[in-house]
Amino acid sequence: MFKTRFTRLDAFTKTVEDARVRTTSGGIVTLSSILIILWLIWGEWADYRRVIVRPELIVDKGRGEKMEIHLNITFPRMPCELLTLDVMDVSGEVQTGLVHGVNKVRLQPEGEGGGVIEVKSLNLHEDTAAHLDPKYCGECYGAPAPETASKPGCCNTCDDVRDAYAAISWSFGRGENVEQCTREHYAERLDQQRKEGCRVEGSIRVNKVVGNFHFAPGKSFSNGNMHVHDLENYFRDEGGHSFTHLIHQLRFGPALPDEKVKELQGMAGGWANHHVNPLDGTEQHTDERAYNYMYYVKVVSTAYLPLGWEKHKGNSVDTGAHSLPHEWVGLGGLGHGELGSIETHQYSVTSHKRNVHGGSDAAEGHKERVHARGGIPGVFFSYDISPMKVVNREVRSKTFAGFLTGACAVIGGTLTVAAAVDRALYEGQRTVRKLHEG
């Protein structure tokens, strides 16, 4: 009785072996169906194994974080002796004459190919007064000794005198009649580098707040609430200086590994370096000395979470990249989190250029535009931090259950279509045979 009940529920009724008809066309259809099923299932498996990046947009809740700016910019018409890099932000932190983690590379004149002459790490402060009498105390020529002096209360080097003059907003010039500069051949260095170029490369660590960094000629100093530069040598020198420049690289935060970029290029929502760093390869040319370039950068925090992140961290987006005090992390190491995650930044940019003397912009094809007078020549990068954060997660394109569902659909759909094709071929053969017999 129990067996009979289940027999009534059988939806897959069978025919006896004697009632089955096997045909050549049926064998061909069966073999074709098996090949098609294997091919489609392989496609489903490849789709299951495919990794995609799923972006999310959240509010950036980070506080008190630091950010690294990695740069590589060439100024073919600016000697390194005149070029100054300064960084400042709205938090009040001003790092004038920044020297941490940056190299200045002296380049041959453009006409001689622009090859490398010398690479100088600005982390290395050369003590040009080490050979002097320990009791020596150089004169500051009317200015108070700077706080950064190599010997407190004295100006033992040319840089000490320059810093002393900058602190009280005095123009320094070529250092004529200044004993320390004569001893160090400061004016001769200016003359030697007159036709040279300079490449600035390296990394700087800044507060993750609104700020700017800029390249400008001459020693920088503060005059009241104004940040100014000593431009005397820049305009007086006959070296044909200008702020023509080439941005080889400018990025905020660490870069993705090359192999990961290759995997994600061309993928919908994926990353590519030219999307992350739009200023890479930018070149600007001018023959005017008094020319100012402004780049307005909008920085967006971006986290990259590798495949399998949810298994260990769930829905958390905290990579732990900023869990340690930044002083413990070496330059270039900031932003690398747990399990291979990365905290970096994307940015968008708009630019503006003008002559600091003001006037019409007809030369650039904008007769209706008139620039105001003011400012200093140089290349300025003003960056703003977005309150939003992009989280890019590596995920499978489908779940394993989705793969099984797709495989079952492939098998069932293929066999159903194959059965219909086989039936049509069988009936067609019977009809043709009857016509011939009749």
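Number of residues in segment 26-62 that are in contact (Cβ under 8 Å) with a residue 60 or more places away in the chain, of a type in the set (Val, Ile, Thr) and either open to solvent by 90 Å² or more (accessible area, probe 1.4 Å) or farther than 27 Å from Thr399 by Cβ (or both): the value is 3. Given the structure, is Tyr165 more than 35 Å from the chain's Cα centre (by Cα) and touching a residue at least 40 places away in the same chain (Cβ under 8 Å)? In short, yes.
For segment 316-343, filtering for residues that are open to solvent by less than 70 Å² (accessible area, probe 1.4 Å), on the phi > 0 side of the Ramachandran plot and free of Cβ contacts under 8 Å to residues at least 60 places away in the same chain leaves 2. Kindly check whether there is at least one residue in segment 325-332 that is within 22 Å of Arg251 (Cα to Cα), modelled with pLDDT under 85 and touching a Pro at 6+ places or on another chain (Cβ under 8 Å). Yes; the residues of segment 325-332 include at least one that is within 22 Å of Arg251 (Cα to Cα), modelled with pLDDT under 85 and touching a Pro at 6+ places or on another chain (Cβ under 8 Å). Of all the criteria given as (1) touching a residue at least 60 places away in the same chain (Cβ under 8 Å); (2) not assigned by the TED database to the domain that holds Pro76, the one not satisfied by Asn207 is (2).
Residue by residue, here is whether (1) part of a loop (DSSP other than H, G, I, E, B); (2) modelled with pLDDT under 80; (3) open to solvent by 40 Å² or more (accessible area, probe 1.4 Å); (4) more than 25 Å from Leu331 (Cβ to Cβ) holds:
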{"position": "Ala129", "(1), (2), (3), (4)": "yes, yes, no, yes"}
{"position": "Tyr136", "(1), (2), (3), (4)": "yes, no, yes, yes"}
{"position": "Tyr141", "(1), (2), (3), (4)": "yes, no, yes, yes"}
{"position": "Gly153", "(1), (2), (3), (4)": "yes, no, yes, yes"}
{"position": "Glu176", "(1), (2), (3), (4)": "yes, yes, yes, yes"}
{"position": "Thr182", "(1), (2), (3), (4)": "no, no, yes, yes"}
{"position": "Lys195", "(1), (2), (3), (4)": "yes, no, yes, yes"}
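Checked against the criterion of being modelled with pLDDT of 85 or more, open to solvent by 50 Å² or more (accessible area, probe 1.4 Å), of a type in the set (Val, Ile, Thr) and part of a helix (DSSP H, G or I), segment 346-357 contains not a single residue that satisfies it.
Of everything listed in (1) among the β-branched types (Val, Ile, Thr); (2) exposed (fewer than 12 other Cβ atoms within 10 Å of the Cβ); (3) modelled with pLDDT under 80, the single unmet condition for Val94 is (2).
For segment 300-318, the tally of residues that are out of contact with any His (no Cβ under 7 Å at 6 or more places or on another chain) and either outside the structural domain of Asn277 (by the TED database) or of a type outside the set (D, E, K, R) (or both) stands at 12.
The values are calculated or read from the model by the stated rules, or taken from the named source; none is laboratory data. Predicted model only: the values in this text are computed from it and were never measured. Neighbour counts are summed over all protein chains in view; Cβ atoms, including those assigned to glycine, are modelled from backbone coordinates with ideal geometry. These area figures cover heavy atoms from the full protein model, side chains too; ligands, DNA and RNA do not enter into them. Shrake-Rupley method; radii C 1.70, N 1.55, O 1.52, S 1.80 Å.
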